[in-house]
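Here's the structure, in structure tokens; my notes come after.
The values are calculated or read from the model by the stated rules, or taken from the named source; none is laboratory data. Quantities reported herein were computed from a predicted structural model and do not represent experimental measurements. FYI the Cβ positions are ideal-geometry reconstructions off the backbone, even for glycines, and counts take in every protein chain you see.
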Amino acid sequence: MKQVQAVAEKLIENVNRVIIGKRAEIRLTVIGLLCQGHILLEDVPGVGKTVMAKALAKSLGCTFSRIQFTPDMLPSDVTGVTLFNQGSRQFEFRAGPIFAQVVLSDEINRATPKTQAALLEAMEERQVTVDGVTYALAQPFLVLATQNPIEYEGTFPLPEAQLDRFLLRLRLGYPSAQEEMAMLDAQQTRHPLESISQVVSAEELMAAQKATRQVYVNDDMKKYIIDIVTSTRTHPDIYLGASPRGALALYRAAQARAAIAGRELVIPDDVKALAEATLAHRIIVGPMARVKEITARSILQGLLNGIPVPGATVGMRPSSVG
């Protein structure tokens, strides 16, 4: 797992030079990258969501594009369009900004649902279909999306199908007074984003992604993940529980967290640490629970406290269990 550790540490350190005091959130973002998953950064304006996404993209040796979502955007503005070339007398496809390895979808919830839906096929199947023709996307393919809370004016809530395609949802939060002071000092003459460069190649990232999937997960740990996900589907305060895609997201994220720590096996702490980031955005809290201000986060915490953790043999390979 040294290869994965080296890639992760390079990315974390590089992005940490730009986003001060958010090492845990940066680490979670790198976990998402290693899982080949898409990441949703949700928070109030001005806390560094877009800067973090740009810093991560700049740290990778991948093609990059940015889509600034607005209410008047059309699906073709994302996927591309087929036009008739008068010179060649043939139809030609002009690729949209989705045809990049790292796509920054800025303020994704400012687009209408029709435009948001243009991302569904690309995020899940790594391909785009325009006018009946399917075009494969380059690998690796990662969507880093930012959005403001849905209570803000001019926003459209992401549908459940769209949210379910994000491996992780993260919130940065406001910096502390000391961190904000350091931010002011760092940006006195120029933005730190200008000083960082690529630290990991696309080939190194894909090799690390492949190595991450070799992390061993014991059957007891798999059952622990399933128990957590299943309990969200039967909880009285939950209207819609986590999907099977959520179970797979938690499984993959736990593998990545173990790999970053240099371990070749997943332990319960990996699962518990990532349950909120991988599952909370897939859960719809019931109307009565919302009135009582019960959140998906608090429900998940209660479930984690109540579900038995696998025993001491968890994580051990079959050949090492005596």
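Does R94 fit the bill of being among the basic types (K, R), assigned by TED's automatic domain parsing to the domain that holds H38, within 29 Å of E203 (Cβ to Cβ) and exposed (fewer than 15 other Cβ atoms within 10 Å of the Cβ)? Answer is yes for this residue.
Output the residues belonging to the stretch 35-62 that are in a loop (DSSP other than H, G, I, E, B), out of contact with any strand residue (DSSP E or B) (no Cβ under 6 Å at 6 or more places or on another chain) and not aliphatic (A, V, I, L, M). Listed by number, the residues that qualify are Q36, D43, P45, G46, G48.
Condition check ((1) touching a residue at least 60 places away in the same chain (Cβ under 8 Å); (2) part of a loop (DSSP other than H, G, I, E, B); (3) more than 16 Å from the chain's Cα centre (by Cα)) across all residues:
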{"residue": "Y135", "(1), (2), (3)": "no, no, yes"}
{"residue": "A138", "(1), (2), (3)": "yes, yes, yes"}
{"residue": "T146", "(1), (2), (3)": "yes, no, no"}
{"residue": "P175", "(1), (2), (3)": "yes, yes, yes"}
{"residue": "M181", "(1), (2), (3)": "no, no, yes"}
{"residue": "T189", "(1), (2), (3)": "no, yes, yes"}
{"residue": "S197", "(1), (2), (3)": "yes, yes, yes"}
{"residue": "E204", "(1), (2), (3)": "yes, no, yes"}
{"residue": "A211", "(1), (2), (3)": "yes, no, yes"}
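Considering A122, A136, which residue is in contact with a strand residue (DSSP E or B) (Cβ under 7 Å, 6 or more places away or on another chain), within 29 Å of A253 (Cβ to Cβ) and exposed (fewer than 14 other Cβ atoms within 10 Å of the Cβ)? Walk me through how you get there before you give the answer.
Numbers: A122 fails: exposed (fewer than 14 other Cβ atoms within 10 Å of the Cβ).
Sole residue among the options that is in contact with a strand residue (DSSP E or B) (Cβ under 7 Å, 6 or more places away or on another chain), within 29 Å of A253 (Cβ to Cβ) and exposed (fewer than 14 other Cβ atoms within 10 Å of the Cβ): A136.
Okay, residues lined up against (1) of a type in the set (S, T, Y); (2) assigned by TED's automatic domain parsing to the domain that holds E204; (3) touching a residue at least 12 places away in the same chain (Cβ under 8 Å); (4) outside any strand (DSSP E or B):
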| site | (1), (2), (3), (4) |
| --- | --- |
| A8 | no, yes, yes, yes |
| I12 | no, yes, yes, yes |
| A24 | no, yes, no, yes |
| L33 | no, yes, yes, yes |
| S88 | yes, yes, no, yes |
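Test G87 against the criterion of being more than 19 Å from the chain's Cα centre (by Cα), closer than 30 Å to A186 by Cα and among the small types (G, A, S), and give yes or no.
Numbers: more than 19 Å from the chain's Cα centre (by Cα): yes; closer than 30 Å to A186 by Cα: no; among the small types (G, A, S): yes.
In short, no.
Among I31, I67, I26, which is touching a Pro at 6+ places or on another chain (Cβ under 6 Å), of a type in the set (A, V, I, L, M, F, W, C) and at pLDDT 90 or above? Outline the logic, then answer.
Details: I31 fails: touching a Pro at 6+ places or on another chain (Cβ under 6 Å); I26 fails: touching a Pro at 6+ places or on another chain (Cβ under 6 Å).
Result: I67 is the single residue among I31, I67, I26 that is touching a Pro at 6+ places or on another chain (Cβ under 6 Å), of a type in the set (A, V, I, L, M, F, W, C) and at pLDDT 90 or above.
When each of I226, I238 is tested for being touching a helix residue (DSSP H, G or I) at 6+ places or on another chain (Cβ under 9 Å), buried (at least 16 other Cβ atoms within 10 Å of the Cβ), among the aliphatic types (A, V, I, L, M) and over 21 Å from L41 (Cα atoms), the lone residue that passes is I238.
Taking the stretch 277-295 as the range and being closer than 16 Å to R252 by Cβ and touching a Lys or Arg at 6+ places or on another chain (Cβ under 6 Å) as the test, only H281 passes. Is it fair to say A202 is buried (at least 17 other Cβ atoms within 10 Å of the Cβ), of a type in the set (A, V, I, L, M), modelled with pLDDT under 95 and over 27 Å from A296 (Cβ atoms)? Yes, satisfied. Of the residues making up the stretch 34-51, those that are at negative phi, in contact with a Lys or Arg (Cβ under 9 Å, 6 or more places away or on another chain) and modelled with pLDDT of 85 or more are L34, C35, G37, H38, I39, L40, L41, E42.
Criterion applied to A249, A253 was being surrounded by 19 or more Cβ atoms within 10 Å (Cβ to Cβ), under 30 Å from V291 (Cα atoms), in contact with a strand residue (DSSP E or B) (Cβ under 9 Å, 6 or more places away or on another chain) and modelled with pLDDT of 95 or more, and the one residue passing it is A249.
The single condition among (1) within 26 Å of S197 (Cα to Cα); (2) at pLDDT 90 or above; (3) crowded, with 18+ Cβ neighbours inside 10 Å that M73 does not meet is (1).
Rundown of residues vs (1) outside any helix (DSSP H, G or I); (2) modelled with pLDDT of 95 or more; (3) within 17 Å of the chain's Cα centre (by Cα); (4) under 29 Å from K58 (Cβ atoms), yes/no style:
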position	(1), (2), (3), (4)
V229	no, yes, no, no
A258	no, yes, no, yes
D270	no, yes, yes, yes
T278	no, yes, yes, yes
H281	no, no, yes, yes
A289	no, no, no, no
I294	yes, no, no, no
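Take the residues of the stretch 39-55 that are surrounded by 22 or more Cβ atoms within 10 Å (Cβ to Cβ) and closer than 13 Å to R169 by Cβ: which is farthest from the chain's Cα centre (by Cα)? Going through the qualifying residues, I end up with K49.
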